[in-house]
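Rule-based calculations on the coordinates, nothing more; no lab input. Predicted, not measured: the structure shown is a model, and the values here were computed from it. Glycine gets a Cβ as well: all are built from the backbone with ideal geometry, and neighbour counts include every protein chain shown.
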Number of protein chains: 4
Amino acid sequence: MLIQLIDNCPQQELENIMAQLKTHGFKGNLVETLSTRYIISNGKKEADIRLFGNLPGVKDIHIVEDDNKLVSRKWRVEDTIIDFGDGIQISRKDLTIVMGPCAIEDEQQVDTTLEFLKENNIRFMRGGIFKPRSSPYSFRGLGIEGLKFFSQKCKAAGIKVVTEVMQVSQIEEMYDYIDVFQVGTRNAQNFNLLDELGKTNKPVLLKRGMSSTIQEFLASAEYIFSNGNEKIILCERGIRTFEKAYRNTMDINAIPYLHDKSHLPVFSDPSHAVGIRDYVEPIALSSVMAGADGVLIEIHQCPQKAVSDGAQTLDFFQARRTIQRLRETVALRNKIMVG
Amino acid sequence: MLIQLIDNCPQQELENIMAQLKTHGFKGNLVETLSTRYIISNGKKEADIRLFGNLPGVKDIHIVEDDNKLVSRKWRVEDTIIDFGDGIQISRKDLTIVMGPCAIEDEQQVDTTLEFLKENNIRFMRGGIFKPRSSPYSFRGLGIEGLKFFSQKCKAAGIKVVTEVMQVSQIEEMYDYIDVFQVGTRNAQNFNLLDELGKTNKPVLLKRGMSSTIQEFLASAEYIFSNGNEKIILCERGIRTFEKAYRNTMDINAIPYLHDKSHLPVFSDPSHAVGIRDYVEPIALSSVMAGADGVLIEIHQCPQKAVSDGAQTLDFFQARRTIQRLRETVALRNKIMVG
Amino acid sequence: MLIQLIDNCPQQELENIMAQLKTHGFKGNLVETLSTRYIISNGKKEADIRLFGNLPGVKDIHIVEDDNKLVSRKWRVEDTIIDFGDGIQISRKDLTIVMGPCAIEDEQQVDTTLEFLKENNIRFMRGGIFKPRSSPYSFRGLGIEGLKFFSQKCKAAGIKVVTEVMQVSQIEEMYDYIDVFQVGTRNAQNFNLLDELGKTNKPVLLKRGMSSTIQEFLASAEYIFSNGNEKIILCERGIRTFEKAYRNTMDINAIPYLHDKSHLPVFSDPSHAVGIRDYVEPIALSSVMAGADGVLIEIHQCPQKAVSDGAQTLDFFQARRTIQRLRETVALRNKIMVG
Amino acid sequence: MLIQLIDNCPQQELENIMAQLKTHGFKGNLVETLSTRYIISNGKKEADIRLFGNLPGVKDIHIVEDDNKLVSRKWRVEDTIIDFGDGIQISRKDLTIVMGPCAIEDEQQVDTTLEFLKENNIRFMRGGIFKPRSSPYSFRGLGIEGLKFFSQKCKAAGIKVVTEVMQVSQIEEMYDYIDVFQVGTRNAQNFNLLDELGKTNKPVLLKRGMSSTIQEFLASAEYIFSNGNEKIILCERGIRTFEKAYRNTMDINAIPYLHDKSHLPVFSDPSHAVGIRDYVEPIALSSVMAGADGVLIEIHQCPQKAVSDGAQTLDFFQARRTIQRLRETVALRNKIMVG
């Protein structure tokens, strides 16, 4: 059961609702986001909403049988739109293209990439400054100093910064320099990190854990939402299976499934999902037809020299073609989905 | 190493080539198909093709390092086209749509389905008459009697019959009534069945085993080809993973990957790959953008009454919309892939 | 619902039971094995057994909610014992050790192996004569001629022959030469083969499919049983997972689980489950403590020269040590499980 | 290449070695643990150790081709022993039994459990005070206050505390109250946490990620070791596969494999690996025969009332029997492995 409170619900009315819930054997979790307040109740399933619907302070009440209630489409049927306030939006009407290198390497690389993005009217740049690496001896990113010049240059170009946060202590450190916090696949169930990101007011691009079920993926999003942050992007990036011909197995089914179950935007990361340059474009295009609201694609001015993930990275020539084809594909999708 | 023999290569020249191979430490496997003869040699990898290239009887010679040589694109760079001789082709230029029920149930069902297919200009009907079922107590298909009326009605309608063969003894029994033999996922490594299908002259639609790697999938196709039948269609139908929200996990990566490694046509079966009606269309459309040459989709005049697989089956209203969208999508694909 | 009929149940009484089932909305499947006859009913779950328990011809009646009723322990609580009639039994009290090469190669190999087995008091020899191979160009076994000398030598030594059958047509061909039919992992859902093996009177050692769930594994056994053959051995041989450090992932959980759900004997195949010689022994010993009734282990007088699976094959020196340790382990197990 | 430095290696000699490495194209990573200092070099693989072996300051030098060098048995052939200095050791000669509830619930529960452990001569108690939960609305542990009484009671009983740490900020907070830091499966690739645990001097029980490969698992241990902490315990706790009959799939192969590749002790967690009470004991016993140096088993005075994981938790009666059988099994193992 999910109870939306009226705006400025008086404390006394809130307490009364909580008391009524308790009387009828329910536990209530108060969730406060920037836009409103909710009570999430996980008591007996056979709740009778008539018991609570008319209590003072209740704006609306929904039966949501899903374990993950706040992110469920069962109570919020409209798609969540993430609005950056300057005309840039993440929404289902458009396709958000996020491009950039695996890792930020130096200023010149950022300049070159931004130039390419501007030419192609791309509004989001990705680039790692804290890199989770399987070996402790590998390059682990430029850190906060790298983020500073990356951020400053993006701002100047009118382009949003998307970069990975790896631990709680980095949130504050990074806050002023980023537009979207990215949570990587290895931290998809780092609940402390999710809790703290839920207390911020920046969008969170949440990658699916490489072996997370859809339910667990939505539960990770629920962690963020229930701490107060409604701006969440779900990102399918391939799962781990027996097949080793490619880096991961793109779970294309997840895209329509997540759209059906949740009101949150759903992105696709074809670069990691297949991990081989030549197949990134077809997987990106197929993601669009499956309904993706955005794609993350790794690009580099010279993939052969990239410090990481070169094998799955497009050069600018390839990226330009892919952007063009993505736009033609989304135009078709928008046309036939209405028609 | 793959050696193509000249047309009508004399027996003596063939024997000489074989002897030369042996002298240099290679084993030769003679493969004879309707169109030509090949020798497949799996000896030492560092073969020097100059030793054999000028022998009498040799038309062409290719180094093919793949384990699965005949199905590899390394020697045959052109896409294989399967031509039915009556104007119907399976080729990369067009999208082959195969529709029909999971199981043939009765004559009326076949009539109704054929009417729908004709209206929508679909040229292939699927329908099981031998059904592999997980429980021995389930309906196992109408058998050969069902095939007879299914076949007769399809012929009258100018529509090709695609149906599953489960064991060697059925090949002869079914031969005159079918246009395409389908091999199901549970028989994807039934090597005796593949051997015998390789000795026929009918196209084989080979479904990927639910846990077959791409290499094993191609090896199964190699079994068919090496027995003499070049008319093979590879069909991705979802693999088994940890994710249980859907019936299988569509391995969309496989579509561009198979196209890259093999000259054979690649189909997609979204019905089994996701197993939930509402997601069949988006997965079908995404398969097209990933490069699929054909799609298999389960339809039924009344899915609620289907004897099997109802939950993943489209009704005619849904199917009509999906056909329309598939055709718009393939038109876009053909346009942008050239552009 | 599972109904056991009285011995020599008259046809009329049987028909009456069937009619009563139908009247109450149930479907009855008659199953006839060497020892008795059963009716398996898969109708509504909420069957009231009092409706049928007193009908003439009914010996006993059980509610078995499992999908796979005949192989379930819910109606047959005693462990199935497979008795060869000459003092050799497969039962839970003892550990059945099956050893031999992956493939039968020649007479001398059989002689050498049998000598080793006799010295060590092993009563079952495994050895492939029809080999399922991933490549069509690999050695596919000596075939029926190999089986003849293999069988004749085993008989002379008082040792049972365990070998794989790959297709229906081989059953009759092999029948007189084998003691146990083995079904390989790739044929675990070859339902036609299972049906036909169910009509024979020889024990069937059924390997789990490499991606079969436990439910599917039991369903495959149900196929055999429901065709009339009660002599079935379930064999866990490793499943396919993301982990590629070893050939397969031994699913040790399956051993106690299968024992709990089914009355059939459960074997373990550590050679295939791990696929690396040095780890075969610890996995074999651990299988015993998990409750395995038997183990299949590949051995060869010279594993380096084995035509297949050499990397997972023990030499005689190693095998002797493993046999000794297996026997000490099973002695401990039998002691502590009682104590 | 792994270079061990002499004790008290002068800074100048260290710098000289680093310079020589650089001259020859190698990168050197200095690793300092409590007992000694190492240089890990990941340069060209074809290093000639004679170039460096005689440099002043070098004690020993090893070619270690594994990616994870410090945890590899290739340079340290002896098993790592973790000594608590009070007569309690984790070593291969004995079996370390760690028991306790999933979550610490209250003081009385700790008292009752400790009494049971003392009676049975168990020296390690597990119990979660920070609980990673898939739903944000679930009980998430008593936190640091719970740890305080848990720790104080264990100290009084002479029993070691094993409990999970979830994030960097908790390390210092928990430090004085714990004997072994446990890293849970969801944090197995939380590299920041591993880094910081590597800077402490307390043993770390590292659980395998639910979808970590063996290589990734060892890399996670390498993170800890390369930060200076050599006291690491590897714990197999089941992996995620397609099989859903049990909570996870115990990867029993991992136990001998990890012992072969690494000098670190290897534990098994049968409670999570199978997740069903009745099968915990057979999986525990089988882990011992596979070579486990320790087992973690969840117990509770009343599993039906446990706040989490009740279904896989043993009551004291069952636990007593399991302890007895574990001890008999390890006695046999130690006997036959020598014999």
Under the rule of -39500 (n - 2.57) per DSSP H run of 4 or more residues, summed and divided by the residues of chain A, what mean residue ellipticity at 222 nm is obtained, to the nearest 500 deg cm²/dmol?
-11000 deg cm²/dmol
Among D:53, D:87, D:141, residue whose mean-square fluctuation peaks in a GNM of chain D (springs only between Cα atoms under 10 Å):
D:87
Counting sequence-distant residues (5 or more places) and residues on other chains, those with an amide H built under 5 Å from that of residue D:141 are D:131
Which of A:329, A:113, A:241 ends up with the largest GNM mean-square fluctuation for chain A, with Cα atoms connected below 10 Å?
A:241
How big is the charge dipole of the range A:63-220 about its Cα centre, in debye rounded to the nearest 20, if each Lys and Arg gets +1 on its Cβ and each Asp and Glu gets -1 on its Cβ?
300 debye
If each K or R counts +1 and each D or E counts -1, the residues other than residue C:337 whose Cβ falls under 12 Å of its Cβ total +4
Can you tell me the relative contact order of chain D? Whole percent, Cα pairs under 8 Å, sequence separation 6 or more.
16 percent
For a bin width of 5 Å, list the pair-distance distribution of the range A:2-62 built from all Cα-Cα distances, rounded to whole %.
4, 20, 36, 27, 10, 3, 0
Projecting the Cα atoms of D:68, D:25, D:80 onto the charge dipole of the range D:1-98, where Lys and Arg contribute +1 and Asp and Glu -1 at Cβ, the residue farthest towards the positive end is D:25
Excluding residues on the same chain fewer than 8 positions from residue B:59, give the aspartates and glutamates whose Cα lies under 18 Å from its Cα.
B:7, B:13, B:15, B:32, B:48, B:78
Please work out which residue of chain B brings its Cβ closest to the axis of the rotation superposing B onto C, and round that distance to whole Å.
B:211, 2
One decimal, nm, shortest first: give the distances between the label point of residue B:139 and those of the same position in the other copies, each label point 7 Å from Cα along Cα→Cβ.
4.9, 4.9, 6.1
Report the rotationally averaged projected area of the range B:262-338 based on its alpha-carbon convex hull, in square nanometres.
5.4 nm²
Under the definition of partner shielding as Cβ atoms of other protein chains within 10 Å of a residue Cβ, what is the mean value for peptide A:68-74?
1
Once you've got the GNM for chain A with C-alpha springs shorter than 10 Å, pick whichever of A:34, A:147, A:326 has the biggest mean-square fluctuation.
A:34
Placing the label point 7 Å from Cα along the Cα-to-Cβ direction, what are the distances from residue A:63 to the equivalent spots in the other copies, shortest first, in nm to one decimal?
2.8, 6.9, 7.1
Amide hydrogen neighbours beyond the local backbone of residue B:299, cut-off 5 Å, H modeled:
B:100, B:102, B:314
Checked against the positive end of the charge dipole of the range C:82-338 (+1 on Cβ of Lys and Arg, -1 on Cβ of Asp and Glu, about the Cα centre), the farthest of C:175, C:162, C:250 is C:250
Could you state the number of Å between the C-alpha centres of the range D:107-127 and the range C:304-339?
38 Å
Peptide B:124-135, shielding by other chains (average Cβ, 10 Å cutoff):
3
At 7 Å out from Cα toward Cβ: residue D:311 inter-copy label distances (nm, ascending):
1.9, 3.7, 3.8
Size of the range C:82-338 along its principal axes in angstrom, Cα-based, largest extent first?
45, 43, 42
Integer Hz, Karplus 6.51/-1.76/1.60 couplings in order for the range B:257-274, x for Gly and Pro
5, 5, 4, 6, 8, 10, 8, 7, x, 10, 9, 10, 10, x, 4, 7, 5, 10
Residue by residue through the range D:12-28, which ³J(HN,Hα) values in whole Hz follow from phi under the Karplus form 6.51 cos²θ - 1.76 cosθ + 1.60 (θ = phi - 60°), with glycine and proline marked x?
5, 5, 4, 5, 5, 4, 4, 5, 5, 4, 4, 3, 8, x, 10, 9, x
Once you charge only the Cβ atoms, +1 for Lys and Arg and -1 for Asp and Glu, what is the size of the charge dipole of the range B:82-338 about its Cα centre, to the nearest 20 debye?
480 debye
Mind checking the angle between helix A:277-290 and chain A's longest principal axis? C-alpha axes, 0 to 90 degrees, to the nearest 10.
30 degrees
What's the whole-number percent of alpha carbon pairs in the protein assembly as shown lying beyond 66 angstrom?
9 percent
Under a 5 Å amide H to amide H cut-off, with H placed in plane at 1.01 Å, what residues pair with residue C:33 once short-range neighbours are removed?
C:38
Within 10 Å of the Cβ of an average residue in B:210-216, the count of other chain Cβ atoms is 6
Partner lysines whose C-alpha sits under 16 Å from that of residue D:74, ignoring same-chain residues fewer than 8 away, are D:45, D:261
On C-alpha positions alone, give me the angle between the axis of helix D:107-119 and the longest principal axis of chain D, in degrees, nearest 10.
80 degrees
Assign unit charges at the C-beta atoms only (+1 for Lys and Arg, -1 for Asp and Glu), then state the dipole size of the protein assembly as shown relative to its Cα centre in Debye, rounded to the nearest 20.
0 debye
Exposure proxy order (Cβ contacts within 10 Å, fewest to most) of B:302, A:9:
B:302, A:9
In what order do D:24, C:263 fall by count of nearby beta-carbon atoms within 10 Å, going from fewest to most?
D:24, C:263
Considering only DSSP beta bridges where both residues belong to chain B, give the percentage that are antiparallel (nearest 5).
35 percent
Considering only the protein assembly as shown, what is the antiparallel percent among its DSSP beta bridges, to the nearest 5?
40 percent
